[in-house]
Ligand SMILES: Cc1cc2nc3c(=O)[nH]c(=O)nc-3n(C[C@H](O)[C@H](O)[C@H](O)COP(=O)(O)OP(=O)(O)OC[C@H]3O[C@@H](n4cnc5c(N)ncnc54)[C@H](O)[C@@H]3O)c2cc1C
């Protein structure tokens, strides 16, 4: 039986609609372990889930993202129904807010409860529906590991001109939660063991093969649906292998704990073309859907440190990503209203190009997010502190550039919608920052191309950490490098036509020339940054003749990258 038939047969009875507590479960909160769904017995609980076409058509989202999200949504609905929760599963061409409004009117649903949505875009959509009469109460979301007060107590009231150093927040969270703490002191005598975690990977230890999660009937049906309805979206559904049931999500996490965590820290920054995941957890996709909960993962990892099953450096390194970076980023996004509050403090991109939408927009989808105000509240922020504005070239859509690192990483993104942190930062974003591609376009690309992307996490990572578009609010300096870093931390350069040791000439790796010209171009803004002293000192020692050649090589590389045509995704 198709999922639609199965779920429609379970439509709640009138008695249930009137007598249960009805909770709206957003598309990224599939959990009954915390929050409103867990607060009363199953037989008193009702949940509303909306499968919205308008949302899926909002951007040309990676096909695997749509599959993993919709299949988890459908599995969650059936899991809840199996434990006695009444499930109202609604297919709609409208946005979530508009769909709920219609549903509430039609079925006379009582006021709904919902955790404050993680995504700004959903907060806005539900807020608009509320103004039109949707009865919904928002409650705090315990699926996060921190509260807003944790952030504001650390930094004081938000100010767009400040610099927010993540470490302060992380230390406070360690103190507050007692994670890896002995009284007031950090276990091992220091809060961070990052200095021990920067090794290149040269097959020192075997990389265990990950467990398989072949699509079950429900997932196969979703794959067929995505292929039919979202055929022109980015990426592929080929070899879909992500967990979609709670049981599989837990098994996925268990594999990381047992097999990958022991080596996570040491090789956290390493990149390989033969082991793309290395020892990373790949949990972001499940964490961001609510299938795994941050505090559960943190406690499991802390226990491994206590048991001695993994080194303190590995465990602390992993905990910092979740208790530190992940929480920090979402607060920063919320506090800056998705970086819109920087508008009068940071240079903005002057001639923005339209943001991408799915080519298959139906009338209902287009209507769903039509601005109701003179300024489009859904339009993304466009800070560009370094004045970057060039269009993102075709290589980000999989057209081969000849740069082995870029081509390998982009191919992985097209295939999987995922790559680990360092390729995102030091290959994809590094290239964009060095060349001067529009930070907004890069953000939008990350947003639709990655399975784990949602506004609260992708915008601070790209506009803040990766491109310095926010002028230093998130990162104290731009994360940029020439070929030397990529060569040191990966095996990419060994398989590339370009030589990482040459800076100029046709066979030289363009990253190096792009790096020096980036420094030159942005001297007025970056030279006084205390963390940029060493590179600017090195630049000042380069003879003018070298600089001329570097400029030629860099200009050639930018022109080359711009010359490729990109496949049409309709955006
Ligand atoms: C340009 C750029 C774009 C990014 N876009 C996203 C995104 O859309 N969604 C997303 O979840 N992460 C994003 N990140 C952060 C990070 O790269 C991914 O969370 C991580 O690579 C996911 O793989 P993993 O689960 O194996 O992570 P691991 O290396 O195993 O780390 C464990 C977890 O820590 C969290 N984490 C680590 N770093 C960050 C960070 N900087 N911000 C937020 N959480 C973090 C993630 O939840 C991750 O699952 C981005 C980083 C950069 C530089």
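Values quoted throughout were computed directly from the atomic coordinates according to the rules given, and no laboratory measurement underlies them. As the structure is a computational prediction, the values presented were derived from the model and not from experiment. Cβ placement follows ideal geometry from the backbone for every residue including glycine, while neighbour counts extend to all protein chains displayed.
Quick look at the numbers
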{"read-out": "The stretch 29-107: relative contact order in percent, alpha carbon pairs under 8 Å with at least 6 residues between", "value": "45"}
{"read-out": "Per-pair calculated FRET efficiency, R0 = 35 Å: residue 231 and residue 137 via Cβ, rounded to 0.05", "value": "0.35"}
{"read-out": "For the chain: rounded, prolate or oblate by the Cα gyration tensor [a/c cutoff 1.5]", "value": "prolate"}
{"read-out": "Whether the stretch 396-518 is rounded, prolate or oblate, judged on the alpha carbon gyration tensor where a/c under 1.5 counts as rounded", "value": "oblate"}
{"read-out": "Inter-label distance, nm, simple model (7 Å from Cα along the C-beta direction), residue 477/residue 274", "value": "3.4"}
{"read-out": "Between helix 120-131 and the chain: long-axis angle, C-alpha atoms, 0 to 90°, nearest 10", "value": "40"}
{"read-out": "Fully extended contour minus Cα-Cα distance, from residue 547 to residue 184, at 0.36 nm per residue", "value": "125.5 nm"}
{"read-out": "Cα shape, the stretch 342-428, gyration tensor, a/c 1.5 rule", "value": "oblate"}
{"read-out": "Sorted peptide list for 234-240, 213-219, 540-546, 335-341, criterion being average Cβ within 10 angstrom, highest first", "value": "335-341, 234-240, 213-219, 540-546"}
{"read-out": "Theoretical gain in end-to-end length, residue 148 to residue 216 [0.36 nm per residue, Cα-Cα removed]", "value": "20.6 nm"}
{"read-out": "The stretch 1-57: relative contact order in percent, alpha carbon pairs under 8 Å with at least 6 residues between", "value": "38"}
{"read-out": "Peptide ranges 262-268, 34-40 listed from the most packed, as the mean C-beta count within 10 angstrom indicates", "value": "262-268, 34-40"}
{"read-out": "Taking the chain and dividing mean pair separation by its residue count, relative contact order in percent (alpha carbons under 8 Å, at least six apart)", "value": "17"}
{"read-out": "Protection-proxy order for peptides 314-327, 179-192, 113-126, each taking the mean of Cβ atoms within 10 Å per residue, highest first", "value": "314-327, 113-126, 179-192"}
{"read-out": "DSSP-defined antiparallel bridges as percent of all bridges, the chain, nearest 5", "value": "15"}
